[in-house]
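Nothing in this text is a laboratory measurement; each read-out follows from the coordinates by a stated rule. Note that the structure is a prediction, hence the values are computed from the model and not measured. All Cβ positions, glycine included, derive from the backbone under ideal geometry; neighbour counts span all protein chains shown.
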Amino acid sequence: MTGAVRRATTDDAWAIHETARASWHAAYDDILGPGTVDEVVDEWYALGDLESSIADVIGREDAEFLVVEPDDSGGGPEECRGFAHAVPWPEDPAVAYVARFYVSPDAWGEGVGTTLLERLEALLADSFDRVRLAVLADNDVGISFAESSGFERVAVRETGLGNGLEECVYEKGI
């Protein structure tokens, strides 16, 4: 079961934060270490910042913040199987940038990410020609997902995480 995809509300912030934490630990503990993962999640997914990001996209056609609920949850904000946040790329108004895209590790391989990405692309298609995302170069799960979803690598760049870490930038038409 993939779950229902809907637009996020500020009530979803805690569930998004916790899904980010679980996803980051599963994907990045071996790369960054658990302590650094906790620090990054606490900074990048602070509840107030998430609430502001969600509120910012409400009513906009050029940005989205989506969540995937479990099929059996009854639709409450207490659970989140995955989330996606896309905004316009500052240097190119034809490109949507997926700033956040994570699926709970217990749902990896169940089609949740694919369903979420398809819904995101459908919502963005009227406003953008392409969608772009970045994945840490050592994140095999993220790289595999991007490539199997039709993204092509367009660049490799250094991350803001230090330690010489690189990320791969992917793009595809929508």
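Which of the GluC sites (Glu not before Pro) found in region 79-174 are loop residues per DSSP with 16 or fewer other Cβ atoms within 10 Å of their Cβ?
Numbers: sites: 79, 91, 110, 118, 121, 147, 152, 158, 166, 167, 171; in loops: 79, 91, 110.
Loop-located and lightly packed - 91, 110.
Spin-label point model (7 Å from Cα, Cβ direction): what's the residue 155 to residue 92 distance in nm?
0.9
Using 0.36 nm per residue of separation minus the Cα-Cα distance, give me the extension gain between residue 56 and residue 166 in nm, one decimal. Before the final figure, lay out the partial values.
Values: separation 110, 0.36 × 110 = 39.60 nm, distance 2.91 nm.
Result: 36.7 nm gained on full extension.
What full-extension length gain, to one decimal in nm, is calculated for residue 9 and residue 25 as 0.36 nm per residue of separation minus the Cα-Cα distance? Could the numbers behind the result be given before it?
On the way: separation 16, 0.36 × 16 = 5.76 nm, distance 2.44 nm.
Between residue 9 and residue 25, full extension yields 3.3 nm more.
For residue 130 and residue 42, compute 0.36 nm times the residue count separating them, minus their Cα-Cα distance, and round to one decimal in nm.
28.7 nm
Could you list the residues of region 81-98 with an amide nitrogen less than 20 Å from a label point located 7 Å from the Cα of residue 108 in the Cα-to-C-beta direction?
What the label zone holds, given the 20 Å backbone N cut-off, is 81-85.
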